[in-house]
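What follows is a set of notes on a single structure, which appears directly below.
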Amino acid sequence: MSESALPLPLATRPRQMGFRRKAARVFGELREAVAQAAYALRAHRLRATLTISGIGLGIAMLIGILTVLSGFQVSFLRQLNTLGPNTLFVHKWKWGVNGNDWWKYKNRPHVTQLDWRALEANANLPEAIAPIVSNDASVTYGGKELKHVDVRGSTSKYLEATGWQIRRGRFLTDLDHELGTDACVIGADLEEAFFKGQEPLGQRLKVGPSTRCTIVGTFVRKGNAFGQPQDLRVLIPLSAFTRSFGLKRGLVLSVVAPAGKVTQTEDEVISVMRNARRLRPDQEDNFSVNRQDKLLQGFNQMTLALNVVGVLIGIITAIVGGIGIMNILLVSVKERTREIGVRRALGARRTTILLQFLCEAVMVSAMGGFVGVALGAGAGKLVDVLTPFPASVDPKVVIGGCLGSILLGAIFGIWPALSAAFLHPIEALRYE
Amino acid sequence: MALIELEKIVKTYELGHQKVPALRSIDVRIERNEFVAIVGQSGSGKSTLMNIVGCLDVPTSGRYRLSGRDVSDLSDDELADVRNLEIGFVFQSFQLLPRATALENVELPLIYRGVSRKERREQAEHALDLVQLSDRMTHRPAELSGGQRQRVAIARALVTQPSLLLADEPTGNLDSKTGEEIVWLFHELHEKGNTILLVTHEPKLAARCPRAVRLVDGVVVADGKGREVALANAEALGAETLAAFNAAQAAQTGRRVP
Ligand SMILES: Nc1ncnc2c1ncn2[C@@H]1O[C@H](COP(=O)(O)OP(=O)(O)OP(=O)(O)O)[C@@H](O)[C@H]1O
Ligand SMILES: [Mg+2]
């Protein structure tokens, strides 16, 4: 109270505040609101902690689910891309089929070299057709045996039809298949296991119980697909494969369609196959033409379902957490009724009181949000490190978690805060 | 134009089905820069009147014009601003925030008028200095005596330099010397141009005011020179007290004496 400042005469309208004063007022009120809210929360530590950890766990769970799902999706799509978007796979089995139809597919005839020949002869659209057959066998070199090696038989078209690449040496040629040579191409894991720092080309391996092969090339490392290592493999000519392992195993025909003509190619393949197998018009196909986008559809349906479950869990936790916040706030408003009266009497506007209590609500929910984001991100990182899934934490999820939790506080805090703001000053002052 | 114009102000409290008339048709005009004492028996409606004048409560009927403007026309935000910028209120029951220190309590109204932190502190310290509490700034209300709390409440009302000061028994808990000092402070403010309404039970303080209004059961029964009204009030109180005392005495002796 400086001496010079005389009390101003009461104006008809309240004295106007300049911008600086208004800013200072808002700032001062906010600061006060935060301090008050912090004090109130400290005074009810246990209740605040319970609510915060409830919200935190809910958000952590939601983030965890979304992170793992998106990691799933990323790795799935990456693997799907290795199949090539224009490639059709003619197979006895239909991809993504569930257990109920198992016998139906089991009883179908294998896809054989006859089917392959028919497609080669009669289908005009495909750019390349590679027959692929595989078997799990052990491979020996220099007294060292590797079990569960993926031994595959195919032709020179294999590279074009699958996207695999040669690192050193050469791939199998048509001649290798026609003559049934002992040429083989080995995957990176095999190369590493047998030939650390040595020249693999020209070396001879024992594949399976009796077959001997000469290495003519090595594959570029491919990495995992669908959780399976792919680089522990040996590729030999199809004819050599049947000679070693017999004709019992069914083929997969990998058919590369010209870009943009996948559907036409699929139709053509189906009709050629039906002709080759002499199916009557009323008979069902006894083979499947699989496409990666079909696989994608099934996968998308599954992830959608999981996402819905995740979001439902999120909504339920949000409601439970919100009720906790509401409870904290209602008690806070009751306890501080007189204080509200005092503030109103001294010139706090309704919005000031509203802000003060919203601040408390948002502080609780935001703390819950941060805890949840930290926990969720930590769990995601753990999954990333400990499992083969690339569970990367999406920054969108983190920001969404923080904003969402703040919104949660605001939504569930608004009613108690409004009830505080609309208290009658005198009645609030008289409250015991 | 009078600063405060009260026309046929009625305030009735409703307690369930019962209606409690606290004010019945009050007509008072108070000019700018008046110093008015309000006296009357306990329950006569003094605090109720102060609340209405201080824009904290609204009358059941009647019109209250503040500086020519009908208060019922003002929005809630405008009322809040009037309370903050123009009015200083000393409550009968202090109404301090229990968790805040004396200094923070006094700073509170300054927050709502957008005073910067540094100035806020300075002004609040000065106000506490005026009521001789410089050595109790960091104490919370629970750590202060009744009289000290009352002085914090006074400092909080003065810190905004209000043009209208409403003090509801500001000296009730103070010894006569401290009370006199506070009222002396009010007189100084009055000389600087303030308008002051002072509710008091002490005839001596009321007598020193240029004007006094006496309430009985929510009606203005006397309005005039402070000395005269205060005297009348004291006499009335004395007579009533005496009568009550005599009646009690009579009842007792009536029963006791066989
Ligand atoms: N909220 C309320 N509800 C019901 N009645 C009330 C309420 N507030 C005041 N009253 C009644 O109104 C009348 C006037 O009360 P008020 O507080 O104005 O008296 P006062 O003159 O200030 O008395 P005191 O000198 O004891 O402070 C009293 O009879 C009281 O019981
Ligand atoms: Mg009173």
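The values are calculated or read from the model by the stated rules, or taken from the named source; none is laboratory data. What you see is a predicted model, and the numbers here were worked out from it, not measured in a lab. All Cβ positions, even for glycine, are placed from backbone atoms using ideal geometry, and neighbour counts span all protein chains on display. Keep in mind that these areas ignore ligands, DNA and RNA; they rest on the heavy atoms of the full protein, side chains included. Shrake-Rupley method; radii C 1.70, N 1.55, O 1.52, S 1.80 Å.
Packing, as the average of other Cβ atoms within 10 Å across residues, places the peptides A:260-267, A:216-223 in the order A:216-223, A:260-267, highest first.
Remark: mean inter-chain Cβ contacts per residue of A:346-357 equal 5, using a 10 Å Cβ-Cβ cutoff to other protein chain atoms. Cross-link partners of residue A:92 among aspartates and glutamates, defined as those whose alpha carbon lies under 16 angstrom from its own and excluding same-chain residues fewer than eight positions apart: A:101, A:115, A:266, A:284, A:285. Grouping the Cα pair distances of segment B:1-72 into 5 Å bins from zero gives a pair-distance distribution of 4, 15, 26, 27, 17, 7, 3, 1, 0 percent in increasing distance order.
Residue by residue through B:57-65, how many Cβ atoms from other chains fall within 10 Å of the Cβ on average?
Working: counts 5, 2, 0, 0, 0, 0, 0, 0, 0.
Average per residue, whole number: 1.
Across peptide B:74-85, the mean count of Cβ atoms from other chains lying within 10 Å of each residue's own Cβ comes to 6. Comparing A:125, A:146, A:171 along the charge dipole axis of segment A:87-291, the residue lying farthest to the positive side is A:146, per the Cβ-charge model. Quick check: Cα centre of segment A:318-396 to Cα centre of segment A:181-213, how many Å? About 62 Å separates the Cα centre of segment A:318-396 from the one of segment A:181-213. Over segment A:87-291, what relative contact order in percent results from Cα pairs under 8 Å that are six or more residues apart? It comes to 36 percent, rounded to a whole number. Translational diffusion coefficient of the protein assembly as shown (Stokes-Einstein, Kirkwood radius from Cα pairs, 4 °C, 1.567 mPa s): 39 µm²/s.
Under 5 Å from the amide H of residue A:127 lie the amide H atoms of A:256, A:257, each residue being 5 or more positions distant or on a separate chain, with H modelled from the backbone and absent for Pro and chain starts. The convex hull drawn around the Cα atoms of segment A:140-205, when projected onto a plane and averaged over every direction, covers 4.8 nm². Taking amide H positions as modeled 1.01 Å from N, with prolines and chain starts lacking one, no residue 5 or more places away or on another chain lies under 5 Å from residue B:43.
Quick one: work out Rg over Rh on the C-alpha atoms of chain B, Rh as Kirkwood radius.
1.01
Annotation: lysines with alpha-carbon distance below 27 angstrom to residue A:22 (same-chain offsets under eight excluded): B:118. Expressed to the nearest 5 percent, the antiparallel share of DSSP beta bridges inside the protein assembly as shown is 65 percent.
Between residue B:192 and residue A:173, what is the label-point separation in nm under the 7 Å Cα-to-beta-carbon projection? About 10.9 nm separates the two model spin labels.
In sequence order, segment A:53-66 has phi-based couplings of 6, x, 4, x, 4, x, 5, 4, 4, 4, 5, x, 4, 5 Hz under the Karplus curve 6.51 cos²θ - 1.76 cosθ + 1.60, θ = phi - 60°, and Gly or Pro positions carry x.
Of the GluC sites (Glu not before Pro) in segment A:282-365, the ones in a loop by DSSP (not H, G, I, E or B) with at most 12 other beta carbons within 10 Å are A:284. DSSP beta bridges confined to chain B are antiparallel in about 55 percent of cases.
When Rg and Dmax are taken over the Cα atoms of segment A:87-291, they come to 17.8, 60 Å. Pairs exceeding a 25 Å alpha-carbon distance, out of B:46/B:225; A:104/A:261; A:157/A:261; B:11/B:177: A:104/A:261; B:11/B:177. Between residue A:249 and residue A:396, the FRET efficiency from the beta-carbon distance, with R0 = 51 Å, is close to 0.65. Peptides B:191-201, A:168-178 ranked from most to least packed give B:191-201, A:168-178, packing being the mean of other C-beta atoms within 10 angstrom over each peptide's residues. Indicate the residues belonging to segment B:8-32 that lose 30 Å² or more of solvent-accessible heavy-atom surface (probe 1.4 Å) upon moving from the chain alone to the assembly of all protein chains, ignoring ligands and nucleic acids. Residues meeting the cut-off: B:32. Remark: chain B carries 44 Å² of accessible area per residue (probe radius 1.4 Å; ligands, DNA and RNA excluded). Relative contact order of chain A: 27 percent, from C-alpha pairs under 8 Å at least 6 residues apart in sequence.
Pairing chain B with chain A buries about 4300 Å² of accessible area. This figure sums both sides and uses a 1.4 Å probe. For residue B:213, the residues whose amide H sits under 5 Å from its own are B:37, B:38, B:39, ignoring neighbours fewer than 5 places away on the same chain, with H placed 1.01 Å from N. Working note: Karplus 6.51/-1.76/1.60 with θ = phi - 60° gives segment A:122-129 the couplings 10, 8, 8, 6, x, 7, 7, 10 Hz, where Gly and Pro are set to x. The slack between residue B:31 and residue B:13, meaning 0.36 nm per residue of separation minus the straight C-alpha distance, is 3.6 nm. Counting protein heavy atoms only, segment B:118-231 has 48 percent of its accessible area on carbon and sulfur, 1.4 angstrom probe. With all pairs of different C-alpha atoms in the average, the Kirkwood value for the hydrodynamic radius of segment A:179-291 is 17.2 Å.
For segment A:87-291, the per residue solvent-accessible surface stands at 50 Å², with DNA, RNA and ligands left out and a 1.4 Å probe.
Placing unit charges on C-beta atoms (Lys and Arg positive, Asp and Glu negative, everything else neutral), compute the dipole magnitude of segment A:154-247 about its Cα centre in debye, rounded to 20. If you can, show how the numbers build up before the last one.
Numbers: 12 positive and 10 negative charges, 33 e Å.
Using only the charged Cβ atoms, the result is roughly 160 debye.
Here the accessible area is traced with a 1.4 Å probe on the protein chains. For segment A:111-194, carbon and sulfur cover 47 percent of it.
State which entries of A:334/B:8; A:147/A:196; A:222/A:381; A:334/A:396 exceed 29 angstrom in Cα-Cα distance in the structure shown.
Among A:334/B:8; A:147/A:196; A:222/A:381; A:334/A:396, the Cα-Cα distance tops 29 Å for A:334/B:8; A:334/A:396.
Once both labels are positioned 7 Å from their Cα atoms along Cα-to-Cβ, the gap between residue A:117 and residue B:227 label points is 13.8 nm.
Taking Cα centre as origin and charging only the Cβ of basic (Lys, Arg, +1) and acidic (Asp, Glu, -1) residues, the dipole magnitude of segment B:19-159 rounds to 340 debye.
For the listed peptides A:297-309, A:189-201, B:171-183, a ranking on the average number of other beta carbons within 10 Å per residue, highest first, reads B:171-183, A:189-201, A:297-309. Working value for segment B:37-122: equivalent-ellipsoid semi-axes of 27, 19, 10 Å, each the square root of 5 times a Cα gyration tensor eigenvalue, largest first. Interface burial in segment B:138-168, defined as at least 20 Å² less accessible area with all protein chains than with the chain alone at a 1.4 Å probe, covers B:156, B:161, B:163. By DSSP, the beta bridges lying fully in segment A:87-291 are antiparallel in about 80 percent of cases.
Placing unit charges on the Cβ atoms of the charged side chains and taking the dipole of segment A:87-291 about its Cα centre, the candidate lying farthest along the positive direction among A:103, A:286, A:255 is A:103.
For chain A, the dipole from Cβ point charges (+1 on Lys and Arg, -1 on Asp and Glu) about the Cα centre works out to 1220 debye, to the nearest 20.
For segment B:164-181, putting each phi into the Karplus relation 6.51 cos²θ - 1.76 cosθ + 1.60 with θ = phi - 60° gives couplings of 10, 10, 10, 10, 9, 6, x, 10, x, 9, 9, 5, 5, 5, 5, x, 4, 4 Hz, in residue order, rounded to whole numbers and with x for Gly and Pro.
If I stretch the segment between residue A:124 and residue A:19 completely, what's the gain in nm (0.36 nm per residue apart, minus their alpha carbon distance), one decimal?
Length gained, residue A:124 through residue A:19: 29.9 nm.
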